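Following: one structure in structure tokens, then a few remarks.
The values are calculated or read from the model by the stated rules, or taken from the named source; none is laboratory data. If you're wondering where the values come from, they're calculated on a predicted model, not measured in any experiment. Every residue, glycine as well, gets a Cβ built from its backbone with ideal geometry; the counts of neighbours run over all protein chains shown. The protein model used for the area step is the full one, side chains on, heavy atoms only, and it has no ligands, DNA or RNA in it. Shrake-Rupley method; radii C 1.70, N 1.55, O 1.52, S 1.80 Å.
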There are 2 protein chains.
Amino acid sequence: MDQKRTAILVVLDGLGDRPVIELGGLTPLQAAKTPNLDQLAAEGQTGLMYVISPGVTPGSDVAHLFLFGYDPLTHYPGRGALEVLGTELPFKPGDIGFRANFATVDSDLTVTDRRAGRNITPEEGRILQKAIDGLVIDGIKVHFTHTVQHRGALVLEGNGLSDKITSVDPRETGLKILESKPLEPKAKKTAKVVNKLVQIAHERLRDLEVNKKREKKGLLPANALLLRGPGQLDVVKTLKDLWGVKSAVIAGGALYIGTAKYVGMEHVPVEGQTGTIDTNFDNIAEKAIECVDSGYDFIFVHIKATDNASHDQDAKKKVLAIERSDAMIGKIVDALHERVVLIVTADHSTPIAVGEHTCDPVPVLLWSSFIRADSVQAFSELDAAKGALHNFRGLSLLPLMFGYAGLLEKVGA
Amino acid sequence: MDQKRTAILVVLDGLGDRPVIELGGLTPLQAAKTPNLDQLAAEGQTGLMYVISPGVTPGSDVAHLFLFGYDPLTHYPGRGALEVLGTELPFKPGDIGFRANFATVDSDLTVTDRRAGRNITPEEGRILQKAIDGLVIDGIKVHFTHTVQHRGALVLEGNGLSDKITSVDPRETGLKILESKPLEPKAKKTAKVVNKLVQIAHERLRDLEVNKKREKKGLLPANALLLRGPGQLDVVKTLKDLWGVKSAVIAGGALYIGTAKYVGMEHVPVEGQTGTIDTNFDNIAEKAIECVDSGYDFIFVHIKATDNASHDQDAKKKVLAIERSDAMIGKIVDALHERVVLIVTADHSTPIAVGEHTCDPVPVLLWSSFIRADSVQAFSELDAAKGALHNFRGLSLLPLMFGYAGLLEKVGA
């Protein structure tokens, strides 16, 4: 076995893409100037990964569980629970966690923008949050926190709750907020509370001064709350239990922090990490280096900017996000070199031309100072198709990385 | 997820091959002029598929079940049942279905040709059929239909039947037709009926005028019936149940129609589709296009000519069958382009040099207008070894195709 090194997994969210006309038929990863990734590809191995399995399009939560070596068919608490875990909200078994969006609605609750313009500032978020957090409805306590942009997380705390209810989110603009319905008899109370909460949230939010100010500035008011992905906390064996590793998550988005905490990673906050293109890439690199120094065996670094640009179908912004990530990765490797095994990959493809997750396999780069190089000289979806890792499934990623990092026991004598 | 497109699966039966001396060391797929397949390979992705798993040689029925996403270890009614399903014969649970061959035997039932010269015309088939169909033996009713060439399908209808009997087919010339034996006590009656049927069929067939005419023309008489692959109808979840897709089969051979109907495809007949080299490739292309227009999500097109030539060890005929298939595929793609996700592959390899199925993986071509191209520029077994799909197993084919066709739900949020 190899000597122990720190395994670093960098996930550039939604990185995988297809040829983009605006980029002269190149993918954003091909079009971006990525001297560091290209050098690592030349020195390392590449391949293509089906995060779940061929043809299956992964959601972000499920995708990350696969990357962490968990099969969500057996371990899946629901996205809301994972999102809540990524915040400081209190959350205990029996509570129901939701992901929540600020949205813009008409007076009859018809949704006109599911993300309230996607431009809520942290300051506005703090004010909006106060209108919801602490509500008590039919004896059920509501905990709510704003996270990033239009996003937040919400917990219902109390007795007799169930996550088996239908969603209130119509998923399209021009439709009214839906009535939540119970999917099992004991979920009646939860559905009722959720429906009341939607109504109360609208009444409280619409009258806030902050929304009037937004409207004056020509911005959409954040006058409704959409709740999605209800889930309950369950407990799984942690990465420490399973592999004996001490692990850390460096991420901006609540979902990624939450999913990582779910499998036992410690959240290491980084100043200026926002989960957007303006996140502080330098600080992320420095924190990753610091984590290696402080003895973590496994560090998961999540960059969201690539996926945001993909959903916005903004090719140039995706290229920029990749180039900034490249610099960040270069900084990490320069500082640590012999001390790490590095994987750079994605949780799913989000092609610019589609603006949604697709089933295309994602490129994977595996690098360590000792690894035998394949013939691939650059990091891209198309080059990776010729790499030594060929095709493999997401569940193999963690063992592959841990094996080279000397973190797995020899099997047999 | 991608927008919904129609998934078209073209199976060129027995396409996979090995270098053929007569073709200057090329495989038939390399030797054939295939401008359409080569262009699609250049624009799409290729790879090699182990239809069952590495080293395993697939039979045609099992191979197709894997291609349709079914594992015949859990779903396999027996080839006879699938063959019967591909005909208009009545077939209900409790009945026993067989595939049947007209053969040539001596007076002591020694087989001299297992396929009666492989040249029975449809007209002869209709006359031969009448000698068997409608027989009643020990209270068991016999339904029989001729299908193509020497092939047919047979159903035993009545109480107390079992498919657990040994075969009467000696599988070699120079051997006598075997006595069928029960493999379980309650199969005694079935074995007895089958043995009587073999005898009666011989007596009735040998005296037919049509056989005397064949002998006068120097052709072998179709004076015996070989029964194989007994099976009973069972019911599986259809493709509609499993994936929510509306699917159609365009095929000439009963087995392929039957296997497709078993998993819930609708059979769409094509004028002039014969399952031979003389099948009407143009009409097949037109019908496939028509099926896309009429709203099918998934269309399975089966071409048998490639496999017939392989079993006959006729390299030139296999090249011709491939070239005609290439033109057919070109016609389909030209008409449909952005509306489809296309896969062209085989159910197994049948190398010219062997004349039987082998375990060699088969080439796969995946094309859609949006897919990222790999570096492969032509469609062949050897080029496909360098493609982005690398190696995969048959069970992954359907999800892969359905994923790109936007027919699968995203997993997770």
Within the stretch A:122-131, tally of residues that are under 20 Å from the mean Cα position of the chain (by Cα) and under 13 Å from A:ARG214 (Cβ atoms)
1
Members of the stretch B:169-186 that are surrounded by 14 or more Cβ atoms within 10 Å (Cβ to Cβ) and touching a Pro at 6+ places or on another chain (Cβ under 7 Å)
B:ILE177, B:LEU178
On the given criteria, is B:THR112 open to solvent by 20 Å² or more (accessible area, probe 1.4 Å), touching an Asp or Glu at 6+ places or on another chain (Cβ under 9 Å) and outside any loop (DSSP other than H, G, I, E, B)?
yes
Within the group B:THR147, B:THR112, B:THR121, B:THR166, which residue is without any contact (Cβ under 8 Å) to a residue 12 or more places away in the chain and either within 25 Å of B:ASP234 (Cβ to Cβ) or assigned by TED's automatic domain parsing to the domain that holds B:ALA201 (or both)?
B:THR121
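In this structure, is B:VAL268 outside the structural domain of B:VAL148 (by TED's automatic domain parsing) and among the aliphatic types (A, V, I, L, M)?
Numbers: outside the structural domain of B:VAL148 (by TED's automatic domain parsing): yes; among the aliphatic types (A, V, I, L, M): yes.
So B:VAL268 fits the description; yes.
Residue check: is A:THR274 buried (at least 16 other Cβ atoms within 10 Å of the Cβ) and part of a loop (DSSP other than H, G, I, E, B)? Break it down stepwise before answering.
On the way: buried (at least 16 other Cβ atoms within 10 Å of the Cβ): yes; part of a loop (DSSP other than H, G, I, E, B): yes.
So A:THR274 passes the test.
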For B:MET1, only one of the following conditions fails: (1) closer than 30 Å to A:THR350 by Cα; (2) open to solvent by less than 50 Å² (accessible area, probe 1.4 Å); (3) touching a Leu at 6+ places or on another chain (Cβ under 8 Å). What is its number?
(2)
Inter-residue pairs, beta-carbon under 9 Å, first without any contact (Cβ under 8 Å) to a residue 60 or more places away in the chain and in the stretch B:183-196, second in a helix (DSSP H, G or I), 6+ apart:
B:LEU183/B:ALA191
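Specify which of the listed residues (B:LEU161, B:LEU154) is open to solvent by less than 60 Å² (accessible area, probe 1.4 Å) and under 14 Å from B:LEU197 (Cα atoms).
Values: B:LEU161 fails: under 14 Å from B:LEU197 (Cα atoms).
Checking each option against the conditions leaves just B:LEU154.
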Being among the charged types (D, E, K, R) and free of Cβ contacts under 8 Å to residues at least 40 places away in the same chain narrows it down to one of B:ARG206, B:ARG228, B:ARG214, so name that one.
B:ARG206
For the stretch B:199-256, which residues satisfy the criterion of being of a type in the set (Gly, Ala, Ser), closer than 30 Å to B:LYS287 by Cβ and not in a loop (DSSP other than H, G, I, E, B)?
B:GLY229, B:GLY231, B:SER247, B:ALA248, B:ALA254
B:GLU409 meets each of (1) more than 18 Å from B:ALA32 (Cβ to Cβ); (2) at pLDDT 95 or above; (3) open to solvent by 40 Å² or more (accessible area, probe 1.4 Å) with one exception, condition (2)
When you scan the stretch A:317-334, do you find a residue that is within 21 Å of A:MET1 (Cβ to Cβ), surrounded by fewer than 19 Cβ atoms within 10 Å (Cβ to Cβ) and over 26 Å from the mean Cα position of the chain (by Cα), even just one?
no
Yes/no for A:LEU233 being in contact with a helix residue (DSSP H, G or I) (Cβ under 9 Å, 6 or more places away or on another chain), open to solvent by 50 Å² or more (accessible area, probe 1.4 Å) and of a type outside the set (D, E, K, R):
no
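Tally time: how many residues in the stretch A:7-32 are of a type outside the set (A, V, I, L, M) and either at positive phi or out of contact with any Asp or Glu (no Cβ under 6 Å at 6 or more places or on another chain) (or both)? Before the answer, list the steps.
First, the residues of the stretch A:7-32 that are of a type outside the set (A, V, I, L, M): A:13-14, A:16-19, A:22, A:24-25, A:27-28, A:30.
Narrowing the set further to residues that are either at positive phi or out of contact with any Asp or Glu (no Cβ under 6 Å at 6 or more places or on another chain) (or both) leaves A:14, A:17-19, A:22, A:24-25, A:30.
Total satisfying the criteria: 8.
Could you say which residue among B:ARG99, B:ARG79, B:ARG126 is closer than 19 Å to B:GLU172 by Cα and of a type outside the set (Ser, Thr, Tyr)? Before the answer, list the steps.
Details: B:ARG79 fails: closer than 19 Å to B:GLU172 by Cα; B:ARG126 fails: closer than 19 Å to B:GLU172 by Cα.
Selected residue: B:ARG99, the only one of B:ARG99, B:ARG79, B:ARG126 that is closer than 19 Å to B:GLU172 by Cα and of a type outside the set (Ser, Thr, Tyr).
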Residue count, the stretch B:253-271, condition open to solvent by 20 Å² or more (accessible area, probe 1.4 Å) and within 15 Å of B:GLU83 (Cβ to Cβ), comes to 2
In the stretch A:360-406, which residue that is open to solvent by less than 10 Å² (accessible area, probe 1.4 Å) and among the polar types (S, T, N, Q) is farthest from the other protein chains (Cβ to nearest Cβ)?
A:SER368
Qualifying positions in the stretch A:60-82 - within 11 Å of the chain's Cα centre (by Cα) and free of Cβ contacts under 8 Å to residues at least 24 places away in the same chain:
A:VAL62
List the helices (runs of 4 or more DSSP H) inside the stretch A:12-103, counting only whole elements, that have at least 2 residues being within 13 Å of chain B (Cβ to nearest Cβ), touching a Phe, Trp or Tyr at 6+ places or on another chain (Cβ under 7 Å) and open to solvent by 10 Å² or more (accessible area, probe 1.4 Å).
none
Looking across the stretch A:117-142 at residues that are over 13 Å from A:LEU205 (Cβ atoms) and part of a helix (DSSP H, G or I), the single one that is most open to solvent (accessible area, probe 1.4 Å) is A:ARG126
